[in-house]
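The structure under discussion is supplied below as C-alpha cells; questions concerning it will follow.
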Amino acid sequence: MAARGLGLFLASTGMAFNGLLGSTNLYTYSPPPPLPTTFFNHPSENLSSASPQQVHISSVGEDKMRISWITTDSPTPATVDYGTSPGVYNFSATGSTSSYNYMLYISGDIHEVLIGPLTPDSVYYYRCGSNPSREFSFKTPPAQFPIKFAVAGDLGQTGWTNSTLQHIAESNYDMLLLPGDLSYADVYQPLWDSFGRLVEPQASQRPWMVTQGNHEVEKLPVFHSKPFTAYNARWHMPYEESGSGSNLYYSFNAAGVHVIMLGSYTDFGPGSPQYQWLQADLGKIDRKTTPWTVVLIHAPWYNSNTAHQGEKESVDMKTAMEEVLYRARVDVVFAGHIHAYERFTRVYNGKADNCGPVHITIGDGGNREGLASNYINPKPDISIVREASFGHGQLEMVNETHAFWSWNRNDDDEAIISDSIWLRSLSSDPACEMQK
C-alpha cells in the first residue's frame, strides 16, 4: 500500500470500525445564509485577447488529458506545448477551435487539445496556444491505488463556492467529480465565462469530470430551443471513448475505479439510448481490474429533504435504472440537486440492503439559492446523516477492498471531517456476487 493510503488507513483506524457502519462529528449550529452570485473577473488585468482564459482539463482514457481554454477577439492556434519541467516543452499537440451562439451572445473561441500519452502520477507544465504569458501545470491521476476524488455538486459562484473551492484545494485530491449544476448561468451566458475564471486555478491543475444538472439545460421555447448548448460546448467530456453517443452520459476508469456519469435530464427510460448504453457499459466492467464502481447523477433517487420531492428525474429514473445498478453491484451513487448533505445506508428498493449502493447527496457546493433546510420527519431508518450546510466530500479508494468517505462542512474554519465512513467494495464481498 502506498504511503499516503497507509497513513490514512492507520490514522483513521480509531474511527474506522465505528467505521464500516459510519461515524459522525455533527453538532448544533445555525445554517449559513444564501449569498448572491458574484461575477468573477480574472485576477490579472494585463491579459490580452490572445491570452488563454478559463483553462480546465479533463481525463480522456487513462493516459491522456483534454486541455480546454477560451480566447477572445484574436485568432489563436489550438496548440498545447507541454513537458515535465517548467518552461521546457518537449511535446506539442494540435486540436480544434469552436464557438457557439446563444440568442445575442457569441462565445469566445473555445479551444480543445488532446495531449498524451502521459505518465501517471506525474506533474506536467504546459502553455496554451503557444502563448508565453501564462504557464500552467497539472498532475496526472495515479494508475494504482490509492486515489482520492473530491466530490462537490451545485457549485455556482458565490462566497460559499469560494469557501468550498478553498477547502478542496487543501485536500490534495487527484480528480474532482461534479454531479451537475456548475455555473448557475441560467441563460445569462457571461456567467459561464465568470465561472470559468473562478474555477481555473483548480480546474487547470486537476482533471474535473462533470455531468449536467437542471441549470445546464438552458432551453427557452421560441428563443433557444436546443438544450445544453453552453454546457456541451464548454465542458466536453470523454463520451466518445466510452461508446456513448452523448456528452450527457459517459464513463471512464481512474486507477481501479470505474466512474459512470449519467444524465438526469435526457432520456433514461428502458429502450432509450442512455439506458442501452448503461447496460452495455456495466457489462464491460472487469471487477478484477476495476473493483470499484461509482455512479453520479444530478437528481437524487433517495431524499428525505422536503425539497424536490416527486420529480420525474428522480422517481422515474430510479424506477428505470435502480435494478440495473443493483445487479451490477455499484458501490456508491452520488447526487446533487438538493442543497444539503445526506448519506444513506446501502439501500435498494427503499430498504436497507447490504449489496446495494450507498447513496450520498452532495448538492451543497455553494449555490446562490441557499440551503434546503427542511427535512421529512421522522427521519427514515435508511437515512444515516443529513444536514443543511455547504461543504464538499472526499472519497479515497485506499485499496481494492476499502475506501474512506468524508464530508467536510464549510463553516468549519479548517477542513474538519463532519461525517465519515469506511466502505468495503461489493466486489470483495462474497455475499454480493454479481448478478446477470
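Could you tell me the relative contact order of the stretch 276-390? Use alpha-carbon pairs under 8 Å, at least six residues apart, and round to a whole percent.
28 percent
Does the stretch 105-176 come out rounded, prolate or oblate by the C-alpha gyration tensor, with a ≥ b ≥ c the root eigenvalues, rounded set by a/c under 1.5 and, if not, prolate when a/b is larger than b/c and oblate if not?
Oblate.
What is the sum of charges, Lys and Arg at +1 and Asp and Glu at -1, for the other residues whose Cβ falls under 14 Å from the Cβ of Trp405?
The answer is 0.
While we're looking at this one, here's another question. Where nothing but the Cβ of Lys and Arg (+1) and of Asp and Glu (-1) is charged, how large is the charge dipole of the stretch 53-139 around its Cα centre, in debye to the nearest 20?
Charge dipole, the stretch 53-139, about its Cα centre: 60 debye, nearest 20.
Determine the calculated [θ] at 222 nm for the chain from helices alone, applying -39500 (n - 2.57) to every DSSP H run no shorter than 4 residues and normalising by the residue count; nearest 500 deg cm²/dmol.
That calculation yields -5000 deg cm²/dmol at 222 nm.
Now for a separate question. Relative contact order for the stretch 53-139: what percent, with Cα pairs under 8 Å and sequence separation of 6 or more?
The value is 32 percent.
Moving to a separate point now. Counting only C-alpha contacts under 8 Å and six or more residues apart, can you give the relative contact order of the chain as a whole percent?
RCO, the chain: 18 percent.
Same structure again: How much net charge surrounds Gly83 when only other residues with a Cβ under 12 Å from its Cβ are counted (Lys, Arg +1; Asp, Glu -1)?
Computed value for this residue: -1.
Can you tell me how the stretch 385-436 classifies by the Cα gyration tensor, rounded, prolate or oblate, using a/c under 1.5 as the rounded cut?
The shape class here is prolate.
Along the charge dipole of the chain, which of Ser420, Ile110, Thr38 sits closest to the positive end, that is, farthest toward it, with unit charges on the beta carbon of Lys, Arg, Asp and Glu (+1, +1, -1, -1)?
Final value for the positive-end residue is Ser420.
Is the C-alpha gyration tensor of the stretch 37-183 telling us rounded, prolate or oblate? Criteria: a/c under 1.5 is rounded; beyond that, a/b larger than b/c is prolate, otherwise oblate.
oblate
Another question, if that's okay. Provide the packing ranking of 96-104, 195-203, 207-215, 384-392, i.e. peptides ordered by the mean count of other C-beta atoms within 10 Å per residue, highest first.
The densest-packed peptide leads the list: 207-215, 384-392, 195-203, 96-104.
What is the count of Lys pairs in the chain whose alpha carbons sit under 20 Å apart, if the two are 8 or more places apart or on different chains?
Lysine pairs meeting the criterion: 10.
With Rg and Dmax of the Cα atoms in Å defined as stated, name the option among (1) 22.8, 81; (2) 21.4, 77; (3) 20.8, 62 computed from the structure displayed.
After the calculation, the listed value that fits is (3).
Can I ask one more? How charged is the neighbourhood of Ser137? Take every other residue with its Cβ under 15 Å from the Cβ of Ser137, and add Lys/Arg as +1 and Asp/Glu as -1.
-1
Still on this model: Trp292's amide H: which non-local residues (gap 5+, or another chain) put their own amide H closer than 5 Å, with H modeled 1.01 Å from N in plane and none for Pro or chain starts?
Amide H neighbours of Trp292: His258.
No value in this document is a laboratory result; all are computed from the given coordinates. Note that the structure is predicted; figures quoted are calculated from it, not measured. No Cβ is skipped: glycine too gets one built from the backbone with ideal geometry, and neighbour counts run over all protein chains shown.
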